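Just so it is clear, none of the values below were taken in a lab; they were calculated from the coordinates. Keep in mind it's a predicted model, so treat the numbers as computed, not measured. So basically every Cβ, Gly included, is an ideal-geometry build from the backbone, and we count neighbours across all protein chains shown.
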Amino acid sequence: MNKIKLVTLVLLMQFLSTGLQAQFLQDAMKIIDQSKGGLTEKDAAAGIREALVKGTGESVAMVSKLNGYFSNPEIKIQFPENAKSIESTLRNIGLGNQVDEVIVTINRAAEDAAKSAQPIFVAAITGMNVTDALQIVSGKSDAATQYLAKTTTPELKSKFSPVIKSSLDKVDATRLWADLINAYNQIPFVTKQNPDLTVYVTDKAISGLFTMIAKEELKIRQNPAARTTELLQKVFGK
């Protein structure tokens, strides 16, 4: 019981200046008050870790399969927004098939790169502390996703970028993109363009992955059938 009181005191000190401390502490006390059937801090942390491993694993599996990005309208990677004028111009001069081919190949690159995401997520999940877990349990419907975005995005970019570049080369997207840009730049009077395809696909791949993780998190929070273990039922049934 002393350990639980200590956790509560730490939370009080940490959130005293946020303006939301009263509601948070009320929620936290419900979570960890064992006399009323609440969770121990160990349960809360373990449950969140289990939910995150489950949610990220399923999300990575969904997006890293063939057409995981390309066939999902929520996360399909289109031509770069800052290159829309390039796309429309190229389609108007009869290069629509080549544009479509580039769109397919950049999605293939994202699907290939996503396979490397899970170890990064697992490392962040393992490092989660009690305060993180309690915040997530009593937080918004995407609190766990936001935690992962905050703690893993820099490393994901670092790991995804070379994989994306290699994947773009492997699926021939780099050449196709270069051919399209060269064709566009030869059109009279246009402003020469050369958007960084690797940076663009990396950012979109990561954004799409977090979109799917958020959907999995919401499913676990709202749908009892998605809580496939006793611990998940205990944590998210509160």
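Worth pointing out:
- Efficiency of FRET from Cβ geometry, ALA225 and THR40, R₀ 25 Å, rounded to 0.05: 0.50
- Look at the dipole of segment 73-170 built from charges on Cβ: of ILE103, ALA114, ILE77, the Cα furthest out on the positive end belongs to ALA114.
- Applying both filters, DSSP loop and at most 13 other Cβ atoms within 10 Å, to the GluC sites (Glu not before Pro) of segment 55-93 gives GLU74.
- Placing +1 on each Lys and Arg Cβ and -1 on each Asp and Glu Cβ, with no other charges, gives segment 44-236 a dipole about its Cα centre of roughly 280 debye.
- For LYS54, the aspartates and glutamates whose Cα falls under 12 Å of its own Cα, not counting residues fewer than eight places away in the same chain, are GLU216, GLU217.
- Label-to-label distance, nm, for residues given as ARG175 and SER207 (7 Å Cα→Cβ offset): 2.9 nm
- The fewest-to-most ranking of ASP43, ASP100, ASP196 by surrounding Cβ atoms within 10 Å reads ASP196, ASP100, ASP43.
- For peptides 201-212, 119-130, sequence by mean Cβ density within 10 Å, most packed first: 201-212, 119-130
- Cross-link partners of LYS234 among aspartates and glutamates (Cα-Cα below 15 Å; sequence separation of 8 or more within a chain): ASP33, GLU41, ASP43, GLU50
- Tensor-based shape of segment 44-236 (alpha-carbon gyration tensor, a/c under 1.5 rounded, otherwise prolate or oblate): prolate
- Among the listed pairs LYS42/LYS204; LYS84/LYS150; LYS42/LYS140; LYS42/LYS150; LYS140/LYS165, those beyond 32 Å (Cα-Cα): LYS42/LYS204; LYS140/LYS165
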